[in-house]
Amino acid sequence: MEEEKRGPEVAPLSFPDLSLALPYQDALLYAQNRLKMIARGGLLPFCEAHKFPYTTIINLKNGNLKKEEPRLLHRLLRSLDVQNELLQFPPDSPSQRFLLPDGEALATFQLQMAYFKATN
């Protein structure tokens, strides 16, 4: 009965492996390339399904954002099946980083980024 009043327990944050943290610009470039892969006419349904503001996603895709949007990018990456956590690291940095769950995710990310860079 006591547990019901407190609510479910929340797992503590683990010590992050900072070698798995991506800079904002890398995460942004990845998301832009993935958005460009969505077939013509598919971006609006994608935005509606994931509750993204269509115009902002278009601006992100085209590199026309006026400021960094780390929370939006975090959600977008998750919608693209790139599991991540937002980190403010280093603590006084104006940009946030995106922590991937493991080395396999980082290797996949790096492989896809190398392909994007080679084809652009």
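The values are calculated or read from the model by the stated rules, or taken from the named source; none is laboratory data. Bear in mind the structure is a predicted one, so any value in this text is a computation, not a measurement. Here the Cβ positions follow ideal geometry from the backbone for every residue, glycine too, while neighbour counts run over all protein chains shown. What goes into the accessible areas is simple: the full protein's heavy atoms, side chains included, and nothing from ligands, DNA or RNA. Shrake-Rupley method; radii C 1.70, N 1.55, O 1.52, S 1.80 Å.
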Report the trypsin sites (Lys or Arg not before Pro) located in the stretch 24-108 that are in a DSSP loop and have at most 14 other Cβ atoms inside 10 Å of their Cβ, or state none.
R40, K51, K66, K67
Please list D92, D102 in order of solvent-accessible area, largest first, computed with a 1.4 Å probe with all protein chains present.
D92, D102
Could you give me the ³J(HN,Hα) list for the stretch 46-56, computed from phi with Karplus coefficients 6.51, -1.76, 1.60 and θ = phi - 60°, whole Hz, x at Gly and Pro?
4, 4, 5, 5, 9, 6, 9, x, 4, 4, 5
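Quantify, in whole percent, the carbon and sulfur part of the accessible surface of the chain (1.4 Å probe; protein heavy atoms only). The partial results should precede the final answer.
On the way: 4530 of 8380 Å².
The nonpolar share, carbon plus sulfur, comes to 54 percent.
From the P(r) of the chain, could you give the percentage of C-alpha pairs in the tail past 20 Å? Each step should come with its number before you reach the end.
Working: 3562 of 7140 pairs.
Summing the P(r) of the chain above 20 Å gives 50 percent of all pairs.
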Using Cα-Cα distances under 8 Å and only pairs 6 or more residues apart, what relative contact order does the chain have, in percent?
31 percent
What are the ³J(HN,Hα) couplings of the stretch 29-39, residue after residue, when phi is run through the Karplus curve with 6.51, -1.76, 1.60 and θ = phi - 60°? Round to Hz, x for glycine and proline.
4, 4, 4, 4, 5, 5, 5, 5, 7, 5, 4
The helix 103-119 Cα axis meets the longest alpha-carbon principal axis of the chain at an angle in degrees, between 0 and 90 and rounded to 10, of 10 degrees
